[in-house]
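*Asks:* Dropping the structure in here first, questions after.
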Amino acid sequence: MTLVQDRSLVDLRGVRHAYGKPGGAELLVLDNVDLTLKEKEVVGLLGRSGSGKSTLLRTIAGLIAPGSGAVVFPEKADGSRATVSMVFQSFALFPWLTVLQNVEVGLEAKRVAPEERRRRALAAIDLIGLDGFESAYPKELSGGMRQRVGLARALVVDPDILLMDEPFSALDVLTAETLRTDLLDLWIEGRMPISSILMVTHNIEEAVLMCDRILVFSSNPGRVAAEIKVDLPRPRDRQDPGFRMLVEDIYVRMTERGAPGQPREGLFAGTGIGMPLPRVSTNTMAGLMEAVAGGPHDGKADLPQLAHDLHYEADDLFPVAELLQLLRFADLAGGDLSLLPAGRRYAEAEVDARKQLFAQHLLAHVPLAAHIRRVLDDRASHMAPARRFRDELEDFMSEEYAAQTLKSVIQWGRYAEIFAYDEDADLFSLDNPA
Amino acid sequence: MVFLFEDTRGARPRLRFLRSGGALSWADVFAFLLLAAAAVLVVHGAGQMSQPLAQLDVAPVVLDPANLPEYALRTTLRMFAALAASLVFTFTVAMLAARSRKAEMVIIPALDILQSVPVLGFLTFTVTFFMGLFPGRQLGAECAAIFAIFTSQAWNMAFSFYQSLRTLPKDLTEVSRQFGFSPWLRFVRLEVPFATPGLVWNIMMSMSGGWFFVVASEAITVGDTTVALPGIGSWLALAIAQRDVAAVGWAVAAMAVVIALYDQLVFRPVVAWADKFRFEQTASQQRPRSWLYDLVRRTRLVRRLLAPFGWPLRWLAAIPRPHLPPLPRLRISAATGRLLDRLWLGVVILAVAWAVWLVAGFIATSLHWSDVLAAFGFGLATLARVVVLIAVASLIWVPIGMWIGLRPAWAGRVQPLAQFLAAFPANVLFPFAVTAIVVWRLDPDIWLSPLMVLGTQWYILFNVIAGAGAIPTDMREAASIYGIRGWQWWRQLGLPGIFPYYVTGALTASGGSWNASIVAEAVSWGDRHVEAAGLGAFIARATKAGDFPRVALGIAVMSIFVIAFNRILWRPLYGFAERRLRID
């Protein structure tokens, strides 16, 4: 029996993936990832956005070819290899097909005869609790029902591995919980035709609730930072002290800095102006600083608690916290976010003083902002086309990231009043419309 | 639960068995009669088309209202034949452009140019070509007429399909790749459904535009060759030649009936059906309805009659094929890729240069630089007309369209009327214009001009109506709360709100006007002939005289004008509207 359990379904060895211009500077998304998925287990890939976990999932699904490294499906006893099937965050249903047709579509691609197709699809629909909705179109269904269709469609082709890309993150809290519970029930009772599940999530509690094994990803580049075995008995209880401890422990792991000498792990890959910046509004930054400064926290807040109080998920909170760290307004360590003196001063200051403080920190700690300001100061006209900076950024990162980074820096720069930007002309300047 | 949803495909086998058996419903009988009648008409019309050409001399087009239904049928068949050809063209060419980058480099600019080129001018060449292909048969002339209609329909359809293919939702593409869809399954399950709403809209626009060409292409005179194919267009041409006002009236009535019929019998059902392909996850408020579509959905007989049409496709899909591992992608380095691109570009440039040289050589054999200059001069005259007319039409229709668009009850009634008027070929009004100009001794250079926008101004109207209807209610409420009215209202809410729609309408209208100038600048009523100085009249005259070099010159010059106009004016406006004025 133990032999069967140890057999691996898929092995990833040294998978590396990079975006960017070939030859030029590239943004490393996945670096040297090893992963083995065994039979009869649920494995979670946990990490922040930008840690390449979706890329990894798509690599296993065969949608993306790895830059280097290998994805191997070992031969099983009967000579066949494991097959995969995928559930998408956005459901990815064909809006012009009925529920039944959507579920049948994978079988149709495999040229299964119509009668058998229908029989198997109806069985999957039955299993996943969709009977009565066979002839409905996706737009008539609620989000939860749509994701059930996505699940039925993935299960009907009898895959060995079910890949799930943040399957519950587009659903509201209640619906997501129901769907998780239903899925877990099916899994525990062994009623699904699958052998193993590999799921991507950024929700720590979800990972602890569902998985036998959690791989925590560090970001930029994505690497497996830690592997955590979850031995809690099923069904698991969120209020159980063991459960809470594990969640807290993972929070700490996700916020800890790398050992001295290693590059600092965090959101910000690259240095200088080649640092991709997340889209975080100055209002959100101010709000977080105020929340940490005031109330029960008094300058130092426990992240799981803070996320819970603010109705945030870890993934939404991390970029903001890390940005505050980058701007030296706060420090992030051991699962805690603590305000630095500048952060405290900011939280207590009035509008204009806040802007001045923000401007100082922006120029001192965000190289791109300082770079734009320097170029504007140097030029006699005090104007510079945004195109120029976009081109510079695209040497370091993808077009998409470059656009996002520039948008972020424009928003922060406008707030700090260190430069102006005219969208029509796509031009930076030192003009102040006031 | 089962009865909550209208079942179109009989998803529940048990339920379908319950309903089969039992007597035929009235709907079954009615639908069957409709289908049978359509089949008989198509067979009859198609049989007529293959008659020898000499038959036309024996039985020429006569102005007898008893013949009109037959003429109307043949005209309609021509239009749908052209539509079928356009669809085939769309699926192949747009697919090629979306799949291959090298093909895209050639196809997309070519489509862009073709859709703005005066296709009426090509008639001269295509008639000669097709008549040569089927000597002595009506089929040659039929093909030429169908081709003329095709050239007015195909380009925007292909563009729409290509654009849809380029904007396929990423997650659905991933699903189809993950399940290993065959190209065919991908085509029928993903690409065509996603493109359908845009394509249906463009098909309707194309049909409207096609009428204009029907009238121009059925009765063709190129040099000494005169062919009048039985159809509404030839009827109209004859009526004008014989100064028969009553016959013109009959033609107008026949067109109205045909347009109303295919609207009810074809487009409405198609639009109602296409609604399910709209890519949105929320149910729409107002779904387009069609009695015929409801009828077909309700009757099992018709569904069973239509079922055999699906069989070949199903067989095709069911052929078991060995599962081949995907071919390893040919990996070429970026440098090699760039080199190949350059090589390809070089080949394309050479081909274009050769084509230019060929055309120039053709024109230069009998024409001088002075002719080219003259053509450009005429082009400027027509350009001035188009600009002034679009401006005038805008001044008139923007306020009216806004007024209507802001009142949904009115918009619902006026919108179909405007679309109907857009489909209506303005040629039928030309006789009255000629009479007026001759009687009151007006200057044709000025008074013939309005004919150019007669048919095309409606595009401005119904786009403005759509735009005004799309202005969000909360913005209108905000404007009224802060007392914004008068010029400020137009400047800050009204004009920005409709601008993207207006640009679309005005672009279509101006393109149509250039085309219309070929017909509208030289107008006859019996033996009375009135002509304005312009590029359209230049091409029309050359066509009548069979002067091929001049026709080629005229088309080339007009193409240059239209393309320059698009690039300098409409393209930037479009970009501006996309960038700044999108409400999302």
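The values are calculated or read from the model by the stated rules, or taken from the named source; none is laboratory data. Predicted, not measured: the structure shown is a model, and the values here were computed from it. Every residue, glycine as well, gets a Cβ built from its backbone with ideal geometry; the counts of neighbours run over all protein chains shown.
*Asks:* Somewhere in region B:139-161, is a residue surrounded by fewer than 17 Cβ atoms within 10 Å (Cβ to Cβ) and either assigned to a helix (DSSP H, G or I) or within 14 Å of chain A (Cβ to nearest Cβ) (or both)? Give the steps one after another, and end with the answer.
*Replies:* Within region B:139-161, the subset surrounded by fewer than 17 Cβ atoms within 10 Å (Cβ to Cβ) is none.
No: region B:139-161 contains no residue that is surrounded by fewer than 17 Cβ atoms within 10 Å (Cβ to Cβ) and either assigned to a helix (DSSP H, G or I) or within 14 Å of chain A (Cβ to nearest Cβ) (or both).
*Asks:* Could I ask something else about it? Condition first: away from chain A (no Cβ under 11 Å) and charged (D, E, K, R). Now tell me which residues in region B:162-172 satisfy that.
*Replies:* Matches in region B:162-172: B:Arg166 only.
*Asks:* With the checklist (1) buried (at least 22 other Cβ atoms within 10 Å of the Cβ); (2) touching a Ser or Thr at 6+ places or on another chain (Cβ under 7 Å); (3) not β-branched (Val, Ile, Thr) in hand, flag the one item A:Phe133 doesn't pass.
*Replies:* Just one mismatch for A:Phe133, condition (2).
*Asks:* Those residues that are assigned to a helix (DSSP H, G or I) and surrounded by 14 or more Cβ atoms within 10 Å (Cβ to Cβ), I need them from region B:361-375; list them, please.
*Replies:* B:Phe362, B:Ile363, B:Ala364, B:Asp371, B:Val372, B:Ala374, B:Ala375
*Asks:* Separate question: Among the numbered criteria (1) farther than 25 Å from A:Cys211 by Cβ; (2) surrounded by fewer than 22 Cβ atoms within 10 Å (Cβ to Cβ); (3) more than 9 Å from chain B (Cβ to nearest Cβ), which single criterion is violated by A:Arg111?
*Replies:* Only one criterion is unmet by A:Arg111, namely (3).
*Asks:* Separate question: Do the conditions hold for A:Arg153, that is, is it within 12 Å of chain B (Cβ to nearest Cβ), closer than 19 Å to A:Leu57 by Cα, assigned to a helix (DSSP H, G or I) and of a type in the set (D, E, K, R)?
*Replies:* yes
*Asks:* How about region A:200-248: which of its residues are surrounded by 15 or more Cβ atoms within 10 Å (Cβ to Cβ) and without any contact (Cβ under 8 Å) to a residue 12 or more places away in the chain?
*Replies:* Once the filter is applied, which keeps residues that are surrounded by 15 or more Cβ atoms within 10 Å (Cβ to Cβ) and without any contact (Cβ under 8 Å) to a residue 12 or more places away in the chain, region A:200-248 yields only A:Arg244.
*Asks:* Can I ask one more? Considering region A:337-366 alone, what residues qualify as being of a type in the set (S, T, N, Q) and in contact with an Asp or Glu (Cβ under 6 Å, 6 or more places away or on another chain)? Spell out the reasoning first.
*Replies:* Just the residues of region A:337-366 that are of a type in the set (S, T, N, Q), to begin with: A:338, A:356, A:360.
The one that is of a type in the set (S, T, N, Q) and in contact with an Asp or Glu (Cβ under 6 Å, 6 or more places away or on another chain): A:Ser338.
*Asks:* Another question about this same structure. State the number of residues belonging to region B:37-85 that are modelled with pLDDT under 70, in contact with a helix residue (DSSP H, G or I) (Cβ under 6 Å, 6 or more places away or on another chain) and under 24 Å from B:Ala256 (Cα atoms).
*Replies:* 2
*Asks:* Further question: Since B:Gly526 meets every condition but one in (1) within 27 Å of B:Arg571 (Cβ to Cβ); (2) modelled with pLDDT under 85; (3) not hydrophobic (A, V, I, L, M, F, W, C), which condition does it not meet?
*Replies:* (1)
*Asks:* May I pose another question? With respect to the numbered conditions (1) in a loop (DSSP other than H, G, I, E, B); (2) buried (at least 17 other Cβ atoms within 10 Å of the Cβ); (3) more than 7 Å from every other protein chain (Cβ to nearest Cβ), which one is the sole condition not fulfilled by A:Asp78?
*Replies:* Unmet for A:Asp78, out of (1) in a loop (DSSP other than H, G, I, E, B); (2) buried (at least 17 other Cβ atoms within 10 Å of the Cβ); (3) more than 7 Å from every other protein chain (Cβ to nearest Cβ): (2).
*Asks:* Of all residues in region A:42-72, count the ones that are surrounded by 19 or more Cβ atoms within 10 Å (Cβ to Cβ), farther than 16 Å from A:Gly222 by Cα and either away from chain B (no Cβ under 14 Å) or out of contact with any helix residue (DSSP H, G or I) (no Cβ under 9 Å at 6 or more places or on another chain) (or both).
*Replies:* Number of matching residues: 2.
*Asks:* Further question on the same structure: So, restricting to helices (runs of 4 or more DSSP H) that lie completely within region B:459-550, which ones have at least 3 residues that are under 24 Å from the mean Cα position of the chain (by Cα) and more than 30 Å from B:Ile240 (Cα to Cα)?
*Replies:* Qualifying helices (runs of 4 or more DSSP H): B:495-520.
*Asks:* Shifting gears a bit: Quick check on my filter: what residues within region A:123-148 are facing another protein chain (nearest Cβ under 9 Å) and over 31 Å from the mean Cα position of the chain (by Cα)?
*Replies:* Residues satisfying the conditions are A:Asp131, A:Gly132, A:Phe133, A:Glu134, A:Ser135, A:Ala136.
*Asks:* Name the single residue, out of those in region B:178-218 being of a type in the set (Phe, Trp, Tyr) and away from chain A (no Cβ under 13 Å), that is surrounded by the most Cβ atoms within 10 Å (Cβ to Cβ).
*Replies:* Of region B:178-218, the ones of a type in the set (Phe, Trp, Tyr) are B:179, B:181, B:184, B:187, B:194, B:201, B:211-213.
Narrowing further to those that are away from chain A (no Cβ under 13 Å): B:201, B:211-213.
On the way: B:Trp201: 15, B:Trp211: 25, B:Phe212: 25, B:Phe213: 27.
Checking each candidate, the answer is B:Phe213.
*Asks:* Still on this structure, I have one more. Do we have any residue at all in region B:199-216 that's part of a helix (DSSP H, G or I), at pLDDT 85 or above and polar (S, T, N, Q)?
*Replies:* Within region B:199-216 (the criterion being part of a helix (DSSP H, G or I), at pLDDT 85 or above and polar (S, T, N, Q)), the answer is no, since none of the residues qualifies.
*Asks:* Out of (1) more than 14 Å from A:Thr282 (Cβ to Cβ); (2) crowded, with 21+ Cβ neighbours inside 10 Å, what's the single condition that is false for A:Leu427?
*Replies:* In the conditions (1) more than 14 Å from A:Thr282 (Cβ to Cβ); (2) crowded, with 21+ Cβ neighbours inside 10 Å, A:Leu427 misses (2) alone.
*Asks:* Further question on the same structure: If B:Val175 satisfies every condition in (1) without any contact (Cβ under 8 Å) to a residue 40 or more places away in the chain; (2) β-branched (Val, Ile, Thr); (3) away from chain A (no Cβ under 14 Å); (4) buried (at least 23 other Cβ atoms within 10 Å of the Cβ) but one, which is the exception?
*Replies:* (3)
*Asks:* Right, something else. Among the residues of region A:262-315, count how many are at pLDDT 80 or above, touching a Phe, Trp or Tyr at 6+ places or on another chain (Cβ under 7 Å) and farther than 22 Å from A:Ala225 by Cα.
*Replies:* Of the residues in region A:262-315, 2 are at pLDDT 80 or above, touching a Phe, Trp or Tyr at 6+ places or on another chain (Cβ under 7 Å) and farther than 22 Å from A:Ala225 by Cα.
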